[in-house]
Amino acid sequence: MQLVIQNLNKTYSNGVQALKDVTLTINQGMFGLLGPNGAGKSSLMRTIATLQEADSGSIQLGDINVLTQKEEVRKILGYLPQEFGVYPKIDAITLLDHLAVLKGISNKAERKGLVEALLQKTNLWQARNKNLGGYSGGMKQRFGIAQALIANPKLIIVDEPTAGLDPAERNRFLNLLSEIGENTIVILSTHIVEDVKELCTDMAIINKGQVLYKGSPLDAIAAVEGKVWTKTITKPELENYRNSFSIISERLIGGRPVISVLSDQQPDGGFDRVPADLEDVYFTHIFGSTKTEVAA
Ligand code: ADP
């Protein structure tokens, strides 16, 4: 099954154009939708999840016209929204069972088996009788995945799932996602480059409602390989460098600014070539020749 998005447009009533002619084909496996806050990721995710309307364009999921056959989409969709609220005074096993009833699984034995399997899969079995209000951020997100998996979905959408998780929880969550990705379309929307780098075989970079790159992370890195140069400078020098070079990123390492420049040849003045990574690709697309304002 493929998800084919063509020429999708959305302008909100306040005049913000959140999606500009978005065209993407998404195959089975993990797809990363990468972009800064406000890029339009949630608008796109909510439209695919049938939660809001587009102004024009089309979305096709296999045989299903997503924009008109909403009920059909919902039957095979697992959606973990950015803000996943839980009922704090209910334990995980009870809520998951209840959600399975709502999804139409009326056979009690079947439901019990499914709920147990999902709690095992998401590593929440030990905490199954604990009220969800006492869950950590990572546990809540994993519960969100458990509920998203109830209907054995063919399309799973997770919107900014790792924001706010500590590194251990984030790892556990990403491992769980990668296990699911095999026979399903999983769209991971995130502003965190590392999430995409670690998990996704295919990706798009989006900013200001527009798709700036689509392809594999490895191809994206290969395109800038050998062209990324860095130099450690002092803070007073920053302004000069900003005026003289096309800086793609500025970071502080050990309190000192380290600037990166994209160039076919070694730039004048002691720059070192470094291996390209996905972050360089991201910054190149998002900021182009303008600076990133990462450093103070
Ligand atoms: P992201 O998920 O990448 O952070 P969003 O899709 O949430 O981006 O937002 C894209 C743009 O649309 C932003 O400028 C945001 O302020 C605006 N926006 C999002 N939702 C609404 C809405 N319901 N009404 C008006 N503007 C919105």
### Message
Test of understanding: among GLU110, GLU116, GLU53, which residue is within 12 Å of the ligand (Cβ to nearest atom) and either in a loop (DSSP other than H, G, I, E, B) or not assigned by TED's automatic domain parsing to the domain that holds LYS140 (or both)?
### Response
GLU53
### Query
When only residues in the range 146-170 that are modelled with pLDDT of 90 or more and aliphatic (A, V, I, L, M) count, which is nearest to the chain's Cα centre (by Cα)?
VAL158
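Taking the residues in the range 23-46 that are part of a strand (DSSP E or B) and within 11 Å of the ligand (Cβ to nearest atom) as candidates, determine which candidate is nearest to TYR79 (Cα to Cα). Break it down into steps so the answer makes sense when it comes.
So the first thing to find is which residues in the range 23-46 are part of a strand (DSSP E or B), and the list is 23-26, 29-34.
Those still in the list that are within 11 Å of the ligand (Cβ to nearest atom) too: 33-34.
Working: LEU33: 15, LEU34: 18 Å.
Here the residue is LEU33.
Collect the residues in the range 43-72 that are over 20 Å from the mean Cα position of the chain (by Cα) and crowded, with 20+ Cβ neighbours inside 10 Å, keeping them in residue-number order.
Narrowing the range 43-72 to residues over 20 Å from the mean Cα position of the chain (by Cα): 53-58, 60, 62-72.
Those that are over 20 Å from the mean Cα position of the chain (by Cα) and crowded, with 20+ Cβ neighbours inside 10 Å: ALA54, ILE64, VAL66.
Per-residue answers, yes or no, for (1) at positive phi; (2) crowded, with 20+ Cβ neighbours inside 10 Å; (3) of a type in the set (Phe, Trp, Tyr):
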{"position": "THR25", "(1), (2), (3)": "no, no, no"}
{"position": "LYS41", "(1), (2), (3)": "no, yes, no"}
{"position": "LEU96", "(1), (2), (3)": "no, yes, no"}
{"position": "GLY104", "(1), (2), (3)": "yes, no, no"}
{"position": "ALA109", "(1), (2), (3)": "no, no, no"}
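Just to check your reading of the model, which residue among SER178, SER189 is of a type in the set (Gly, Ala, Ser) and either open to solvent by 70 Å² or more (accessible area, probe 1.4 Å) or at pLDDT below 90 (or both)? Talk me through it step by step, then tell me what you get.
On the way: SER189 fails: either open to solvent by 70 Å² or more (accessible area, probe 1.4 Å) or at pLDDT below 90 (or both).
None of the others qualify; the one that does is SER178.
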### Query
Of the residues that sit in the range 208-225 and are crowded, with 20+ Cβ neighbours inside 10 Å and either acidic (Asp, Glu) or within 15 Å of LYS20 (Cα to Cα) (or both), which one is nearest to the ligand (Cβ to nearest atom)?
GLY209
### Task
Just need a number here: residues in the range 54-103 that are closer than 19 Å to ASN183 by Cβ and β-branched (Val, Ile, Thr).
3
#### Entry: Filter result for GLY35 (in contact (Cβ under 8 Å) with a residue 60 or more places away in the chain and within 19 Å of ILE206 (Cα to Cα))
yes
#### Entry: Tabulated pairs, the range 77-106, first assigned to a strand (DSSP E or B) and at pLDDT 90 or above, second open to solvent by 50 Å² or more (accessible area, probe 1.4 Å) and of a type outside the set (Lys, Arg), C-beta under 9 angstrom, 6+ apart or interchain
GLY78/ASN152; TYR79/LEU51; ASP91/ASN129; ASP91/ASN131
### Task
Quick one: LEU67 ticks every box in (1) part of a loop (DSSP other than H, G, I, E, B); (2) within 16 Å of the ligand (Cβ to nearest atom) except a single one, so which number is it?
(2)
### Sole exception among (1) within 25 Å of THR11 (Cβ to Cβ); (2) open to solvent by less than 30 Å² (accessible area, probe 1.4 Å) for GLY32, by number
(1)
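The values are calculated or read from the model by the stated rules, or taken from the named source; none is laboratory data. These numbers were taken from a predicted model, which means no experiment stands behind them. So basically every Cβ, Gly included, is an ideal-geometry build from the backbone, and we count neighbours across all protein chains shown. Heads up: the accessible areas ignore ligands, DNA and RNA and are worked out on the full protein's heavy atoms, side chains in. Shrake-Rupley method; radii C 1.70, N 1.55, O 1.52, S 1.80 Å.
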